[in-house]
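Here it is: the structure, laid out below.
The values are calculated or read from the model by the stated rules, or taken from the named source; none is laboratory data. Because the structure is predicted, anything quoted here is derived from the model rather than measured. Cβ atoms come from the backbone with ideal geometry, glycine included; neighbour counts cover every protein chain shown.
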Amino acid sequence: MDEHKLRSQGWFGRKGKDGFIYRAWMRKQGIAPHEFDGRPIIGICNTWSELTPCNSHFRELAEHVKRGVYEAGGFPVEFPVLSLGETLMKPTAMLFRNLASMDVEEAIRANPLDGVVLLCGCDKTTPSLVMGACSVDLPTIVVSGGPMLTGRHRGKCIGTSDLWRFSEAQRAGHMDDMEMSLAEAGMCRSDGHCAVMGTASTMACMVEALGISLPGNAAIPAPDAARKILAQRSGAEIVRMVKADRKLSDILSRKAFENAIKVNAAIGGSTNFVIHLLAIAGRIGVELSIEDIDRFSSDIPLIANLQPSGSYFMEDLYYAGGLPAIINNLLPHLHQDCLTANGNTVAENFSIAECYDPNIITTTDKPFSTMSGFVALKGNLCENGAVIKPSAASAQLMKHTGKAVVFENIEDYNARIDDPDLDVDESSLLVLKNVGPKGYPGMPEVGNMGLPAKLLAKGVTDMVRISDGRMSGTGFGTVVLHVSPEAADGGTLAIVRNGDEITLDVKGRLLHLHVSDEDIAARKKALPPLVAIASRGYVRLYQEHVQGAHLGADLDFLRGGSGSKVTRDSH
Ligand code: FES
């Protein structure tokens, strides 16, 4: 590409008053005049925040990206965007995913950037940045922050998935406050995001499988020197991507999405993968449905032994060869000719990767489980679909009919779940309404609702749970999620009553409410007005425009992109 045609030259290549202003105010930062000589300007989109502890090392990581950018002859400029901390943000970080994506999109388009490095880590920081960048479609590469070191408690390895076990143990009276405090001290021992195959790790694997990061990006632990080197190499790579004009849309083909779906199945990735991948596809203009996600994952077995589906942690995965070793095993199933960020094909990037530990990464002919990926359910209880992750579910509940125990919303659930008089037994199905995108704006991760205390005390460890909400990527259980249409949007879920019979048949891909069509229609007619819309602000915008989970819960007017051209230039 002719560097004189770089986008940034529309700012810094100008003469007269405008060029003076663009350059002079940048030079106050100590930038030398030769930096404006037509070299690629690389934006480093940083989600550093002390309120996003998983990304708290990103200022240092950005310095390593800058080294690579300088080394390859580019000029790096770091800028902040809204950072979404999963643990602290209320009501849920997911409410702000689309808002952050708007921030990213507009910040990239409005500024004199030729290419972008996205620094992503904690769960929502990856999809929000990728979604926003897709809608601009400049050359873009992702650098993930990397997982934390594995946690330790009483000599045992622990990770975020253990939190659910600790919580149930405490509710059942098997773990006291002192023990919880000891576990808390050992959970998060270093920089980095959650150390299991939760949503953050799933997202890091997703970008590597899509081809928009360098190979090896997903598993290198945050404190490992190799993470800094990967950041530096990515900084150099983005300069080459700009020179080659290799944009996101050149990499993110339909085939790249199919590859990501298969890789996600093999690693036992988070259910949140479904919702984020659909949203990203919508931004880049690739047609993708939850049925596609089911279809392309159905013949891929589980070959990674990682919590919550297996036993090990991301640090172990790195020592075993990382995601490249997994992708190497999957090559016969993948579109090997897909282009990736470094200009290589998938085959070129991954054909030499090796596995160093068969306990952690196995082969497709000797899988840890034939059950992987997600099953897209259909039926009169979820006309637009719902999702279940079989590898996190209990085999004996995969086909189950029972009576519904219904909670109208999360407050109702919290108030009654431990009521000794709750009419529930282990064959019941727990149904939680009004936690979908509109009903509980943001669609919180409450779908793997805790079991009734009286059943926990009896030793019950799993029950079928159904909701229009999401589940943490670190969660597990026989949990039907993302029921669409959601209750607050007039979905059939809204009319389920205590005692109604429901059948879940994972193999048959069915979620059926045993109520006649006529009765469903009559009950829907008698429903009270649907959810109240917030009176103002972003939440109002969100509720008025958010789409169903089956479309990725993006805002309707954000689908697609507006490109990188600034249409009106007042200067
Ligand atoms: Fe940030 Fe788990 S809380 S990745």
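Considering each of ARG509, ARG497, ARG470 in turn, give the residue that is within 16 Å of the ligand (Cβ to nearest atom) and either modelled with pLDDT of 95 or more or under 14 Å from GLY385 (Cα atoms) (or both).
Numbers: ARG509 fails: within 16 Å of the ligand (Cβ to nearest atom); ARG497 fails: within 16 Å of the ligand (Cβ to nearest atom).
So the residue among ARG509, ARG497, ARG470 that is within 16 Å of the ligand (Cβ to nearest atom) and either modelled with pLDDT of 95 or more or under 14 Å from GLY385 (Cα atoms) (or both) is ARG470.
Here are the criteria: (1) free of Cβ contacts under 8 Å to residues at least 60 places away in the same chain; (2) in a loop (DSSP other than H, G, I, E, B); (3) of a type in the set (A, V, I, L, M, F, W, C). Tell me which single one CYS122 does not satisfy.
So CYS122 meets the others, but not (1).
Could you check how many residues of segment 364-377 are over 23 Å from the mean Cα position of the chain (by Cα) and closer than 21 Å to GLU258 by Cβ?
Of the residues in that region, 3 qualify.
Look at segment 515-547 and say how many of its residues are among the polar types (S, T, N, Q) and touching a residue at least 40 places away in the same chain (Cβ under 8 Å).
2
Residue-wise test of (1) part of a helix (DSSP H, G or I); (2) out of contact with any His (no Cβ under 6 Å at 6 or more places or on another chain).
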{"site": "CYS54", "(1), (2)": "yes, no"}
{"site": "HIS64", "(1), (2)": "yes, yes"}
{"site": "GLU78", "(1), (2)": "no, yes"}
{"site": "GLU86", "(1), (2)": "no, yes"}
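May I pose another question? Scan segment 525-544 residue by residue and report those that are at pLDDT 95 or above and surrounded by 14 or more Cβ atoms within 10 Å (Cβ to Cβ).
Hits for segment 525-544 are TYR538, VAL539, LEU541, TYR542, GLN543.
State whether the residues of segment 355-372 include one that is under 18 Å from VAL480 (Cα atoms) and surrounded by 13 or more Cβ atoms within 10 Å (Cβ to Cβ).
Yes, segment 355-372 has at least one match.
Considering only segment 127-149, how many residues are away from the ligand (no atom under 16 Å from the Cβ) and not in a helix (DSSP H, G or I)?
Adding up the residues that qualify gives 7.
If you check SER289, SER309, SER298, which single one turns out to be at pLDDT below 95 and surrounded by fewer than 21 Cβ atoms within 10 Å (Cβ to Cβ)?
Matching residue, one of SER289, SER309, SER298: SER298.
Evaluate the following for ILE280: is it touching a strand residue (DSSP E or B) at 6+ places or on another chain (Cβ under 8 Å) and either buried (at least 21 other Cβ atoms within 10 Å of the Cβ) or assigned to a loop (DSSP other than H, G, I, E, B) (or both)?
No; evaluated as a whole, the condition is false for this residue.
Tell me yes or no: at least one residue of segment 251-265 is part of a loop (DSSP other than H, G, I, E, B), more than 30 Å from ARG154 (Cβ to Cβ), away from the ligand (no atom under 16 Å from the Cβ) and in contact (Cβ under 8 Å) with a residue 24 or more places away in the chain.
Yes, the conditions are met somewhere in segment 251-265.
Restricting to segment 76-91, what's the tally of residues that are among the hydrophobic types (A, V, I, L, M, F, W, C), surrounded by fewer than 22 Cβ atoms within 10 Å (Cβ to Cβ) and away from the ligand (no atom under 16 Å from the Cβ)? Don't jump to the end; show me each part of the working.
Applying the first criterion (among the hydrophobic types (A, V, I, L, M, F, W, C)) to segment 76-91 yields 77, 79, 81-82, 84, 88-89.
In the following step, the residues that additionally are surrounded by fewer than 22 Cβ atoms within 10 Å (Cβ to Cβ) were identified as 77, 79, 82, 88-89.
Now narrow it down to the ones that are away from the ligand (no atom under 16 Å from the Cβ): 77, 79.
Final tally of qualifying residues: 2.
Cβ-Cβ below 8 Å, separation at least six or inter-chain, first residue in segment 377-390 and without any contact (Cβ under 8 Å) to a residue 12 or more places away in the chain, second hydroxyl-bearing (Ser, Thr, Tyr): which pairs?
Close Cβ pairs satisfying both conditions: none exist.
A further question follows. Which one is nearest to ALA549 (Cα to Cα) among residues in segment 106-140 that are buried (at least 24 other Cβ atoms within 10 Å of the Cβ) and of a type in the set (Asp, Glu)?
Checking each candidate, the answer is ASP123.
How many residues are among the acidic types (Asp, Glu) and under 19 Å from the mean Cα position of the chain (by Cα) if we restrict to segment 453-483?
Selection size over segment 453-483: 1.
Now, a different point. Quick test for you: out of GLY477, GLY508, GLY469, GLY561, pick the one residue that is on the phi > 0 side of the Ramachandran plot and part of a loop (DSSP other than H, G, I, E, B).
Numbers: GLY508 fails: on the phi > 0 side of the Ramachandran plot; GLY469 fails: on the phi > 0 side of the Ramachandran plot; GLY561 fails: on the phi > 0 side of the Ramachandran plot.
Unique residue meeting the criteria: GLY477.
State all residues of segment 183-219 that are out of contact with any Ser or Thr (no Cβ under 9 Å at 6 or more places or on another chain), more than 23 Å from LEU278 (Cα to Cα) and crowded, with 24+ Cβ neighbours inside 10 Å; if no residue qualifies, say none.
GLY192
Only one residue in ALA488, ALA494, ALA549 is in contact with a strand residue (DSSP E or B) (Cβ under 9 Å, 6 or more places away or on another chain), among the hydrophobic types (A, V, I, L, M, F, W, C) and buried (at least 18 other Cβ atoms within 10 Å of the Cβ). Which one? Steps first, answer last, please.
Values: ALA488 fails: in contact with a strand residue (DSSP E or B) (Cβ under 9 Å, 6 or more places away or on another chain); ALA494 fails: in contact with a strand residue (DSSP E or B) (Cβ under 9 Å, 6 or more places away or on another chain).
Only one candidate passes the filter, namely ALA549.
GLU426: surrounded by fewer than 21 Cβ atoms within 10 Å (Cβ to Cβ) and either away from the ligand (no atom under 16 Å from the Cβ) or in a loop (DSSP other than H, G, I, E, B) (or both), yes or no?
yes
Which one of the conditions (1) touching a residue at least 60 places away in the same chain (Cβ under 8 Å); (2) out of contact with any strand residue (DSSP E or B) (no Cβ under 7 Å at 6 or more places or on another chain); (3) under 20 Å from GLY473 (Cα atoms) does PRO215 fail to meet, given that it meets all the rest?
Answer for PRO215: the failing condition is (3).
For segment 513-541, name all the residues that are under 28 Å from PRO91 (Cβ atoms), assigned to a helix (DSSP H, G or I) and not charged (D, E, K, R).
GLY537, TYR538, VAL539, LEU541
Would it be correct to say that ARG59 is more than 16 Å from the ligand (Cβ to nearest atom), at pLDDT 95 or above, in contact with a strand residue (DSSP E or B) (Cβ under 8 Å, 6 or more places away or on another chain) and part of a loop (DSSP other than H, G, I, E, B)?
Here the answer is no, as ARG59 does not meet what is asked.
Given the structure, is MET449 at pLDDT below 95, in contact with a strand residue (DSSP E or B) (Cβ under 7 Å, 6 or more places away or on another chain), assigned to a loop (DSSP other than H, G, I, E, B) and within 16 Å of the ligand (Cβ to nearest atom)?
So MET449 fails the test.
Can I ask one more? For segment 95-126, which residues satisfy the criterion of being within 14 Å of the ligand (Cβ to nearest atom) and in contact with a Lys or Arg (Cβ under 6 Å, 6 or more places away or on another chain)?
Matches in segment 95-126: ARG97, LYS124.
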